[in-house]
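Everything below concerns the one structure shown next.
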Amino acid sequence: MAEGKAELVTISNLLFGNDPDIEDIRKDRLRTGLWMMTIEAVEARLLLANILHDGAWLSGPRIPKRQTDKKLSLADLQQAIMLLDSHIIKHVSYPPTKQHHLPLRELYSSLLSLKAKFCGDPAIKLLLNKASDGIMDQTPVSFPKVSAYGKGKTRELSWYKYVSMYGALLNAVEFKDDALNNLSLDHSWLKEDESVIIILYAYALKSGASAEQWKRLLATGEKIVPSLPNLTAINTAMRTASGSQM
């Protein structure tokens, strides 16, 4: 159990940090995209791990803002991903007798604030900032109709992920329309963005998916691993987690 606590402390230390040089990063679209994608890979794993902990990480007391000279780096985020994968596998394989806390409100809110600074889409930037506030305050914030914000594959993928994460799973944002029904999953996204299948796993856990739904979802996960090998650990963990729900 001490090892589990140490792992979470390390994850927390990796993710707490001052902003990187945002203006310099935003000069390069590829670098900006890599930062956004990596932040979302961390986000999705934090969300999944919190559901495995029955949402306890979001209900903890607020902690004071840390003072540090450390700047967050891509290497920090990538190391946090590996440790979160390890934590998730251990948690489902050997359920802990004692729960250890991760300051998820502060970590998640900080990541969303950073992501908003990278974002060039005004509507999505607004959503990210509202979600950051909603998570930190544990009070859902209102957002206009998603259906008003236009089409386009990349944009629809972003809205699908963000409505799922910040609305359906975290309850940080309340949308003025039935946002999820205005969005549909494009299965090509699953091979392009590893956070999508993790979001689907999280939703299956939270909603209590049926055995047949789990069977289809796990089969989908296996199909996309050759394209996204980083998902191998998550798929293994979800195969174990689904067995306890069936």
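Regarding segment 41-51, can at least one residue be identified that is in contact (Cβ under 8 Å) with a residue 60 or more places away in the chain, of a type in the set (Val, Ile, Thr) and touching a Lys or Arg at 6+ places or on another chain (Cβ under 7 Å)?
Here is the first cut: in segment 41-51, the ones in contact (Cβ under 8 Å) with a residue 60 or more places away in the chain are 41-48, 51.
Going one step further and asking which of them are of a type in the set (Val, Ile, Thr), we end up with 42, 51.
Checking the rest, the ones that are also touching a Lys or Arg at 6+ places or on another chain (Cβ under 7 Å) come to 51.
Yes, some residue in segment 41-51 is in contact (Cβ under 8 Å) with a residue 60 or more places away in the chain, of a type in the set (Val, Ile, Thr) and touching a Lys or Arg at 6+ places or on another chain (Cβ under 7 Å).
Within the bounds of segment 54-73, is there any residue that is in contact (Cβ under 8 Å) with a residue 60 or more places away in the chain, surrounded by 15 or more Cβ atoms within 10 Å (Cβ to Cβ) and basic (Lys, Arg)?
No, the conditions are met nowhere in segment 54-73.
So which of Asn171, Asn235 ends up being of a type outside the set (Ser, Thr, Tyr) and under 21 Å from Met37 (Cα atoms)? Please lay out each step first, then the result.
Details: Asn171 fails: under 21 Å from Met37 (Cα atoms).
After ruling out the rest, the residue left standing is Asn235.
Check every one of the helices (runs of 4 or more DSSP H) wholly within segment 1-54 and list those with 3 or more residues that are over 26 Å from Tyr160 (Cβ atoms).
Values: elements: 2-15, 22-25, 29-52.
Output list reads 2-15.
Residues of segment 10-32 being surrounded by 13 or more Cβ atoms within 10 Å (Cβ to Cβ) and free of Cβ contacts under 8 Å to residues at least 12 places away in the same chain, which ones?
Asn13, Arg31
Output the residues belonging to segment 21-54 that are of a type in the set (Gly, Ala, Ser) and closer than 15 Å to Leu107 by Cβ. Reasoning before the result, please.
Step one: list which residues in segment 21-54 are of a type in the set (Gly, Ala, Ser), which gives 33, 41, 44, 49.
Matches in segment 21-54: Ala41, Ala44, Ala49.
Hey, does segment 42-65 have a residue that's under 21 Å from the mean Cα position of the chain (by Cα) and farther than 22 Å from Met136 by Cα?
No, segment 42-65 contains no residue that is under 21 Å from the mean Cα position of the chain (by Cα) and farther than 22 Å from Met136 by Cα.
Given the structure, is Ala172 touching a Gly at 6+ places or on another chain (Cβ under 7 Å) and not basic (Lys, Arg)? Talk me through it step by step, then tell me what you get.
Details: touching a Gly at 6+ places or on another chain (Cβ under 7 Å): yes; not basic (Lys, Arg): yes.
Yes, satisfied.
Bear in mind these aren't lab numbers, they're just calculated from the coordinates by the rules spelled out. Worth saying up front: this structure is predicted, and the values here are computed from it rather than measured. Positions of Cβ are generated from backbone atoms using ideal geometry, with glycine treated the same way; all protein chains shown enter the neighbour counts.
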